[in-house]
Amino acid sequence: MMPNDSTPPDPFAIPPDTMGMTAEQMRRLGHRVVDMVVDRFERRNAESVITTGDAADLTARLGGDLPEAPVDPDTTLDLMAQVVMQNMQHGDHPRYFARVPGPASFAAILGDWMGTGFNTICASWGGGSGPAVVETTVCSWIAQMLGLPDRTEGVLLSGGSMGNFTGFCVARSEIGHGVAYLTDQTHSSLPRNLRQMGLSEDEIRILPSDDALRMSADTLRNAIADDIAEGRRPMMVVATAGSTNTGATDPLDAIADICAEHGMWMHVDGAYGAPAAITEPGRAVLHGLERADSVVLDPHKWFFQPYDLGLCLVTRPGALERCFSMNPEYLRDVQATGGQVNYGNRSLELSRRSRALKLWMSLRTYGAQAFRDAVARGIDLAEFTETHLRSQPDTWEVITPAQLGVVCFAHRGSDAADHAARAARLSESGFATLSSTMLKDRSALRLCTINPLTTREDILQTLDRLAAPL
Ligand SMILES: *Cc1c(COP(=O)(O)O)cnc(C)c1O
């Protein structure tokens, strides 16, 4: 059709892409990406669980000279799907049992895609009031699901490492600089955080865990008394709710009592295990969680979200802002008052995308009960695994029982090198992958069973292949 001469050209008409793609190209490529992702979900069960590439080979295929001229985007998408994504762990595969799986759900992925597509920002109230309310909403939904007090506030970060770091900064800002108490089972990113915050080695008290690999309240009391006697100031206890190694949970109620007695901050690293508190059996194990001053969980682990997503919840209103507010001149026109939240004042991140959209989208799409069921299934699968291991006492020995989706066990007659060889053989076969670990000088194999797609048959076949003669 000829343009209608009577319509003046729109003086604000712009091309759709900043860098010059046409709308037609954008739609075709965008639809292609959706197809590639969904196609992969459909054949996920048949793919290799983990592949680790060779640096020189991958660099030859993915590196090369800086492209001065355009490269066909379809070729780049193909290279991504065929090389990049083939050389990684598939933490959402039903037989990925290593470290901590990442069983991301599709509604959460859609939320992340929307957030990226609209280039959301959640830094100031004025610049992102919609995303800010979504973040406040999901923080309070999760606090409610975990049984934390209504006054709880939160901030979404890249993961447990940054979540714990944020909680530690708030603890120091509220309590004042002093000693932090951890155990030898505390995740290794936590002492790193404390060192980088400026705590000296004698302010990072790593207590020996008890026989069940939990913090001992008596050991904690004694260490605090020693520090006070030597003129040091106890600042915070870092309790673990579901350790990465064994799923063990420190005695949260006893720790809360000790913190109350000494005016200390109680921080709970639930990066792995806190989501268990949304189920009935998990709530019993995590009793006392509701007394914490700060709680960290990693929705990219056991809350079915894609990377990256960590959550730091703080039960003292205003404490996040007291620690992190800036309020400089050049942000004055977008600052908040009265019930409005500037998320750039709740952590070290200022410009930040809306990480809340994926949680909001997935909680709305599936509903809270689906999350409870999916987490409960992970707890059940580990218990099923333990029962099966105990039914074959000539082959297996249970080292730590099923706890919040983790079970650790040894193969009779295998030492650490044999365990590592069995785990490596399984990973190399592509069928399944799991971790080997050390528990108080005992070598062990470890299964983490939080993917709701995992079947009992997946577990039985994995154990059979592990047990096959080396
Ligand atoms: C995974 C984990 C962390 C670190 O979290 P990231 O998301 O990897 O930064 C901290 N603590 C525990 C208990 C964990 O399992």
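Here GLY198 meets each of (1) within 16 Å of the ligand (Cβ to nearest atom); (2) surrounded by fewer than 17 Cβ atoms within 10 Å (Cβ to Cβ) with one exception, condition (1). No other residue among ALA56, ALA60 is farther than 28 Å from MET19 by Cα, without any contact (Cβ under 8 Å) to a residue 60 or more places away in the chain and loosely packed, with under 14 Cβ neighbours inside 10 Å apart from ALA56.
Cβ-Cβ contacts under 6 Å between residues 6 or more apart (or on different chains), taken from a first residue in region 158-179 that is closer than 11 Å to MET197 by Cβ and at pLDDT 95 or above to a second residue that is in a helix (DSSP H, G or I) and within 11 Å of the ligand (Cβ to nearest atom), are listed as ASN164/LEU190; ASN164/ASN193; PHE165/ASN193; PHE168/ASN193. Scanning region 440-461 for residues that are in contact with a strand residue (DSSP E or B) (Cβ under 7 Å, 6 or more places away or on another chain) and surrounded by fewer than 18 Cβ atoms within 10 Å (Cβ to Cβ) yields a single hit, ARG442.
When you look at ALA292, is it within 12 Å of the ligand (Cβ to nearest atom) and among the hydrophobic types (A, V, I, L, M, F, W, C), yes or no? It is false that ALA292 is within 12 Å of the ligand (Cβ to nearest atom) and among the hydrophobic types (A, V, I, L, M, F, W, C). Filter region 422-470 down to residues that are among the polar types (S, T, N, Q) and over 19 Å from TRP302 (Cα atoms), then give me how many there are. So the count comes out to 7.
The rows are residues; the columns are (1) modelled with pLDDT under 95; (2) surrounded by fewer than 24 Cβ atoms within 10 Å (Cβ to Cβ); (3) within 23 Å of LEU357 (Cα to Cα).
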| residue | (1), (2), (3) |
| --- | --- |
| ASP257 | no, yes, no |
| GLU261 | no, yes, no |
| TYR272 | no, no, yes |
| THR279 | no, yes, no |
| LEU289 | no, no, no |
| LEU313 | no, no, yes |
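When the residues of region 1-50 are filtered to those that are of a type in the set (Val, Ile, Thr) and either in contact (Cβ under 8 Å) with a residue 60 or more places away in the chain or under 30 Å from ASP458 (Cα atoms) (or both), the one that is surrounded by the most Cβ atoms within 10 Å (Cβ to Cβ) is VAL49. In this structure, ALA223 does not qualify as surrounded by fewer than 21 Cβ atoms within 10 Å (Cβ to Cβ), free of Cβ contacts under 8 Å to residues at least 24 places away in the same chain and more than 25 Å from PHE303 (Cβ to Cβ).
Please list, ordered by first then second residue, the pairs with beta carbon atoms under 7 Å, 6 or more apart or interchain, first in region 88-112 and among the hydroxyl-bearing types (Ser, Thr, Tyr), second more than 16 Å from the ligand (Cβ to nearest atom) and assigned to a strand (DSSP E or B). The qualifying pairs are TYR96/THR433.
Can you name the residue in region 326-358 that is in a helix (DSSP H, G or I), modelled with pLDDT of 95 or more and out of contact with any strand residue (DSSP E or B) (no Cβ under 8 Å at 6 or more places or on another chain) and is also nearest to THR120 (Cα to Cα) among such residues? Step by step, filter region 326-358, then rank; the result is LEU357. Against the list (1) of a type outside the set (Gly, Ala, Ser); (2) under 23 Å from VAL375 (Cβ atoms); (3) surrounded by fewer than 24 Cβ atoms within 10 Å (Cβ to Cβ); (4) touching a residue at least 60 places away in the same chain (Cβ under 8 Å), the condition ASP293 fails is (2). Exactly one residue out of ARG316, ARG283 is part of a loop (DSSP other than H, G, I, E, B) and either within 16 Å of the ligand (Cβ to nearest atom) or of a type outside the set (Gly, Ala, Ser) (or both), and it is ARG316. Selection over region 138-163 of residues that are within 16 Å of the ligand (Cβ to nearest atom) and assigned to a loop (DSSP other than H, G, I, E, B) gives a count of 2. A Cβ distance below 7 Å, combined with a sequence gap of six or more or placement on separate chains, defines the contacts here; from region 386-400, residues that are closer than 13 Å to LEU463 by Cα reach residues that are of a type in the set (Gly, Ala, Ser) in the pairs GLU386/ALA402; THR395/ALA467; GLU397/ALA410. Within region 207-220, the set of residues being part of a loop (DSSP other than H, G, I, E, B) and either buried (at least 18 other Cβ atoms within 10 Å of the Cβ) or among the β-branched types (Val, Ile, Thr) (or both) comprises SER209, LEU213, ARG214, MET215, SER216. For region 76-91, the tally of residues that are surrounded by fewer than 19 Cβ atoms within 10 Å (Cβ to Cβ) and within 19 Å of the chain's Cα centre (by Cα) stands at 2.
Report the residue count in region 232-269 for those that are within 16 Å of the ligand (Cβ to nearest atom), outside any helix (DSSP H, G or I), in contact (Cβ under 8 Å) with a residue 40 or more places away in the chain and not charged (D, E, K, R). Final tally of qualifying residues: 15. Taken over region 164-194, the residue count meeting the criterion of being in a helix (DSSP H, G or I) and either among the aromatic types (Phe, Trp, Tyr) or within 15 Å of the ligand (Cβ to nearest atom) (or both) is 11.
In this entry, ASP227 passes the filter for residues that are in contact with a strand residue (DSSP E or B) (Cβ under 7 Å, 6 or more places away or on another chain), away from the ligand (no atom under 16 Å from the Cβ) and charged (D, E, K, R).
The values are calculated or read from the model by the stated rules, or taken from the named source; none is laboratory data. Since the structure is predicted, the reported quantities are computational estimates derived from the model, not experimental observations. Neighbour counts run over all protein chains shown; Cβ positions are idealised from the backbone, glycine included.
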